[in-house]
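Reviewing the structure listed below.
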Amino acid sequence: MMETEKRAMPKLQIGEYSPAFPIIQGGMGVMISGPSLAGSVAAAGGIGTIASVGLAATSDDYNGRNLSEVNVSMIKKYIAMAREKAKDGILAINCMCALSDYEKQVRAACESAIDIIISGAGLPLKLPEYAEASAKTALVPIVSSVKAAHIIVERWMKHYSRVPDAFVVETPNSAGGHLGARDAEQAMSPELSLANVVPALVAYLKEKCLHIPVIAAGGIWNGDDVADALDMGASGVQVGTRFAATEEGDAADRFKQAYIDAKENDVVLIKSPCGLPGRAIMSPLVERYLSGTLKNIGCKANCLAQCLCRTKHETFCIADAMVSAYRGDWENGLFFCGSNVWKVKSIMKVKEVLSDLLSCFKMPEGAPYLS
C-alpha cells in the first residue's frame, strides 16, 4: 500500500511571531503548564503557554491575603524561567478574564515582554488597554462563537483602533477546563463544534476583509485532527491535554498518572465556582461535589472576580482544588482535562507529542527541532 503523501507544513503568523510548527500548547492552570512545559514546547518549535492563574500558590511568599502581589512576581519569575528553556522560541501566557487580578496579570506579562497573550473565560474587551505598554505583544482572544468574535472586533476597533492578532476557537464540546458556554447543555451543542464555528468565523473575517488567523482548539489529538482543522480553514491548532502528561510538564507525577488511569466514562462536566461549566476527571473531590457530600471549606484565595464559593458559599474553593491537583493530591484535587484524556496511555516527551501531531506534514528544510 502506498504511503499517503505528506502535506507541506503550513505557516502560522500571529503578529510578529511565526513558529516552526502551527501548534500552540494550551494554557492549563494551576501550574499544569508552567515554565518547564511552556519553555520546552517553544524550544521544540511550537508556541509554549504559561497559565497565569494561581501562580501565587506555588510561592512561599503567599499568605492567603497577598494573591495579586505574589501573582505578579511569579508571572515575571516564570516567564524568565521559560525564556531560558525556550532559547529563541515563542512564548505565550494565558490570562483568564474571570480572574480578580486580570488587569495586573496582563500588565505584568507585558512588562516581562511576553510574545503573546491568549485570553478567554469571558470576553477580553479591555485587553488592548491593559497591554498598551508592550507594542510587540500579540493579543489573541479565545471564543466559542462568531458572535463573541464579532463583539470583540467591533469593540476593539471602536475603542483601540486595532483588531486581534488571532482568534482561538475553543469548542466546549471537547475542550478541557473552563468552557465558553452558559451551561452543560450548551457546552455539548453541535452549533459550537469546530466544524461549525471555524469555517463560519473564517468566512466572517474574510467578509470583513480582516486577515486574522483562526486557531482550532478542543479535541485535537493527532495528525489527522490537525489536518482536519486546517481543512476547515484554521491556520493552526491549540492542544492542551496531550501536553499536560509529558515528561516536561510541571505537574506532579500523580497528576499525570490520573490522566493515564482515566477511562472515557470518567470525564464529566461540572459547574465551576466561577459559574461556567468545566470538564474534569471524576476524582474523589468531584464525586463528593456532585453527590452533595463535599464539605465547603470556603474561599481561600479571592482569585475569581465572580465566585460562588465566596459569595454564596456554594461549590468549592477552586484555587485550593487546583493546587491540590498540581501537587498530586488525588483525594482533594480538581483534575481538569479534555474529552480525549482517556487516550493518554503513557508519559511522553514534548517532542514525541509534536511529532505525532505533525505526522501528516513534511518537516521544513533545516528544522532540527524534533530530532
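Rule-based calculations on the coordinates, nothing more; no lab input. Not measured: the values here are computed from a predicted model. Please note: Cβ atoms are built from the backbone with ideal geometry, for glycine as well, and neighbour counts cover all protein chains shown.
What the table below lists for this structure:
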item	result
Length-normalised contact order of the chain in % [C-alpha pairs under 8 Å, at least 6 apart]	18 percent
Full-extension gain in nm, Ala195 to Lys271, via 0.36 nm per residue minus C-alpha separation	24.8 nm
Computed E for Glu132/Ala80 - FRET, C-beta separation, R0 30 angstrom, nearest 0.05	0.85
Net length gained if the chain between Ser59 and Met282 were fully extended (0.36 nm per residue, minus Cα distance)	77.5 nm
Extension gain, Lys263 back to Leu210 (0.36 nm per residue minus Cα-Cα distance, nm)	14.9 nm
Gln186-His150 pseudo-label distance in nm [points 7 Å out on the Cα-to-Cβ vector]	1.5 nm
Stokes-Einstein D in µm²/s, Kirkwood radius over Cα pairs - the chain at 25 °C with 0.890 mPa s viscosity	121 µm²/s
Burial order of peptide ranges 185-195, 238-248 (average beta-carbon count within 10 Å, highest first)	238-248, 185-195
Paramagnetic reach from Ser18 (point 7 Å along Cα→Cβ, amide N under 20 Å) across the range 37-59	42-48
Normalised contact order of the range 155-272, rounded percent, pairs of Cα under 8 Å and 6 or more residues apart	24 percent
Restraint check, Lys136/Lys206; Lys104/Lys208; Lys11/Lys158; Lys147/Lys256, Cα-Cα greater than 28 Å	Lys104/Lys208; Lys11/Lys158; Lys147/Lys256
Using a Förster distance of 56 Å, the FRET efficiency for Arg7-Glu111 (Cβ separation, nearest 0.05)	0.90
Structure-based [θ]222 nm, the chain - -39500 (n - 2.57) summed over DSSP H runs of at least 4, per residue, nearest 500	-9500 deg cm²/dmol
Modelled FRET efficiency - R0 35 Å, Tyr160 with Thr293, Cβ distances, 0.05 increments	0.15
Relative contact order %, the range 5-105, counting alpha carbon pairs below 8 Å whose residues are six or more apart	29 percent
